[in-house]
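The block underneath contains the structure these notes are about, expressed in structure tokens.
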Amino acid sequence: PPPPLEDGEEDLGALGVPLDAVVKVWSVHSTPHFSLPWQRRRQERSSGSGFVIDHSRRIVLTNAHCVEWHAQVKLQRRGSDTKHLAKVLSVGWECDLAVVTVEDDEFWEGLQAVQLSSKIPHLEDDVLCVGFPVGGDTISVTSGVISRIEVTTYTQASAELLGIQIDAAINGGNSGGPAFNRDGECVGVAFQSMGAEEAENIGYIIPTAVVTHFLNDLRKHGKYTGFPTLGVEIQRMENATLRESYGMATKQKGVLVCRVLPTASSAQVLKAGDVLLEFDGEKIGNDGTVRFRKHERVMYTWLVAQKFYGEEAKLTVLRQGEQMELTIESLAAEAPLVPIHLFNKPKPGPSYFIVAGLVFTALSEPYLESEYGAEWEHKAPVEMVKWATQEHAEAADQQLVLLTQVLAHELTMGYESLENLRLLSVGQDQVQNLRQAMDLINACKDGFLRLGLQHNLRLILKAEALTQATQEVLEKHGIPAAASPDLR
């Protein structure tokens with residue numbers, strides 16, 4: 001029998017969930033300043049939740065956004081006054097998960113691990129969210145039920161993955177905390193909620209299916225590689241005439257491939273105009289969904305996301321009225337033209353180089369957000385929004401090189417108004433990416449340096465004066481180096 005409770009001690013054991021496995025995550029974030037890429041913004045502090053999933057390997061699971069751009073991470077146990085220094089082992093940005101560890105033995109004494117449930121819960125199942133949300137310092141337990149299960153957008157990196165909607169309150173600080181079922185097993189990880197102005201009592205948790213994919217990915221590849229996508233844009237085929245015109249039989253169902261991204265692994269096998277009927281033997285409906293469980297359907301993208309990079313995938317398509325079996329030999333990630341985040345680079349953060357006061361960087365969504373705010377899709381120039389939302393990279397190394405601003409110097413007088421313009425050419429050469437643009441500019445030693453910008457604008461400087469001018473600009477504006485570490 002459990003030891004008798006002392007006076008004033010609460011009997012939380014009756015809840016049947018391992019509350020002691022839940023820890024508070026304290027982070028200090030040092031975010032790069034994407035508009036001034038040689039410096040960082042002011043440090044910010046945040047707190048979230050996490051929980052132990054493997055005691056022998058000493059692994060704590062939390063959300064990626066709890067530790068993004070971290071300068072320091074500390075973990076604190078429930079009922080303890082000590083914060084222990086932690087180390088981030090690996091982060092999955094798309095699925096908003098991270099694993100961290102603590103080296104201090106004292107932290108692990110008597111700490112229990114949470115059992116991950118192998119099943120996806122059913123609607124109306126009870127769920128208990130545990131964490132350290134805003135509004136107090138101690139642990140908090142909120143309860144609710146599973147409201148719906150479907151493919152949802154993960155705000156962290158705009159990935160489309162399976163998500164579970166619950167009606168238990170999820171507030172800031174709950175992020176990374178576990179959601180338990182009646183048996184005390186973890187069915188998911190709290191990660192985002194809908195704002196009070198949009199809806200009431202809508203919180204989202206990451207199902208264990210996504211968590212185990214993330215953990216298996218780490219075991220398989222030794223690092224996080226991600227959740228595969230087909231790299232196609234599709235159209236629903238709910239119109240009967242549309243189906244008929246592509247030669248589909250009355251019983252056949254599928255979706256129309258409108259566009260295949262040039263860098264996608266499916267580019268070798270799929271063509272625009274194909275009708276995708278099945279993925280790995282699972283039939284796809286006219287609305288793009290596949291059978292998930294009895295009376296439940298989810299988007300077909302979830303089938304693709306459950307695979308791993310490097311695996312093969314089998315597709316059944318209808319091409320010009322003929323049914324074909326196709327195989328993608330090895331799934332690989334497509335290259336983004338305008339990256340959603342800059343964490344995957346060998347040296348995370350923005351790249352830049354400076355020539356005589358001209359600041360060049362590669363266009364990315366964090367840059368757009370830094371320049372135009374969170375509403376950049378409405379405030380940024382139309383062509384930039386188009387590049388970010390509709391266009392795709394033609395080659396794996398393609399980047400959009402941007403002249404972000406002209407720092408004051410007598411060499412660049414009269415060019416001050418040129419800012420946020422795309423660099424298209426250096427001399428006679430077309431610009432492919434940031435490094436190539438830098439090499440082309442550095443190779444120009446005499447005569448004129450001729451830069452072709454968007455809107456047919458020209459920027460011309462004397463080549464021999466560049467080196468001297470660059471040094472003067474760096475000194476004048478207090479910039480440590482003429483290029484980011486990855487371009488030096």
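The values are calculated or read from the model by the stated rules, or taken from the named source; none is laboratory data. Note that the structure is a prediction, hence the values are computed from the model and not measured. Neighbour counts run over all protein chains shown; Cβ positions are idealised from the backbone, glycine included. In case anyone asks, the SASA skips ligands and DNA or RNA and just uses the protein heavy atoms, side chains included. Shrake-Rupley method; radii C 1.70, N 1.55, O 1.52, S 1.80 Å.
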The FRET efficiency for Leu457 and Glu394, from their Cβ-Cβ distance with R0 = 22 Å and rounded to 0.05, is 0.40
A correct Karplus calculation of ³J(HN,Hα) over the stretch 204-210, with 6.51 cos²θ - 1.76 cosθ + 1.60, θ = phi - 60°, whole Hz and x for Gly and Pro, returns 10, 10, 7, x, 5, 4, 6
Return the whole-Å distance between the Cα centroid of the stretch 246-322 and the Cα centroid of the stretch 148-199. 28 Å
Mean residue ellipticity (222 nm) of the chain, computed from DSSP H runs ≥ 4 via -39,500 (n - 2.57), nearest 500: -4000 deg cm²/dmol
With a 10 Å radius around each residue's Cβ, average the other Cβ atoms per peptide and rank 161-168, 235-242, highest first. 161-168, 235-242
So who's got an amide H within less than 5 Å of the one on Val355, skipping anything under 5 residues away but keeping other chains? H placed 1.01 Å off N, in plane. Phe360
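Diagonalise the Cα gyration tensor of the chain and give the resulting equivalent ellipsoid semi-axes, square root of 5 times each eigenvalue, largest first, whole Å.
On the way: eigenvalues 381, 235, 64 Å².
Listed largest to smallest, the semi-axes of the chain are 44, 34, 18 Å.
Calculate the all-directions average of the projected area of the stretch 58-129's alpha-carbon convex hull, and give it in nm².
Details: hull surface 26.0 nm².
Its Cα hull, projected and averaged over all orientations, spans 6.5 nm².
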The stretch 259-338: chymotrypsin sites (Phe, Trp or Tyr not before Pro) falling in loop per DSSP and having at most 16 other Cβ within 10 Å: Phe308, Tyr309
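According to the Kirkwood expression over distinct Cα-Cα pairs, how big is the hydrodynamic radius of the stretch 143-237, in Å? Intermediate results must be reported in sequence, preceding the final value.
Working: mean 1/r = 0.0680 Å⁻¹.
For the stretch 143-237, inverting the mean 1/r across all distinct Cα pairs yields 14.7 Å.
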Which value, in Å², gives the accessible area per residue of the stretch 71-200 when a 1.4 Å probe is used on the protein heavy atoms? 46 Å²
Hand me the GluC sites (Glu not before Pro) from the stretch 348-440 located in a DSSP loop with no more than 10 other Cβ atoms within 10 Å, in residue order please. Glu375
Derived scalar couplings ³J(HN,Hα) [the stretch 162-170; Karplus, 6.51 cos²θ - 1.76 cosθ + 1.60; whole Hz; x for Gly, Pro]: 5, x, 10, 9, 10, 9, 6, 5, 10
Portion, in percent, of the accessible area of the chain that falls on carbon or sulfur, probe 1.4 Å: 47 percent
Cross-link list Lys223/Lys345; Lys379/Lys476; Lys283/Lys307; Lys271/Lys314; Lys345/Lys379; Lys271/Lys294: which exceed 21 angstrom alpha carbon to alpha carbon? Lys379/Lys476; Lys345/Lys379; Lys271/Lys294
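When ligands, DNA and RNA are left out and all protein chains stay put, how many square angstrom of accessible area per residue does the stretch 399-450 have with a 1.4 Å probe?
Values: 2770 Å² over 52 residues.
Here the residues of the stretch 399-450 average 53 Å² of exposed surface.
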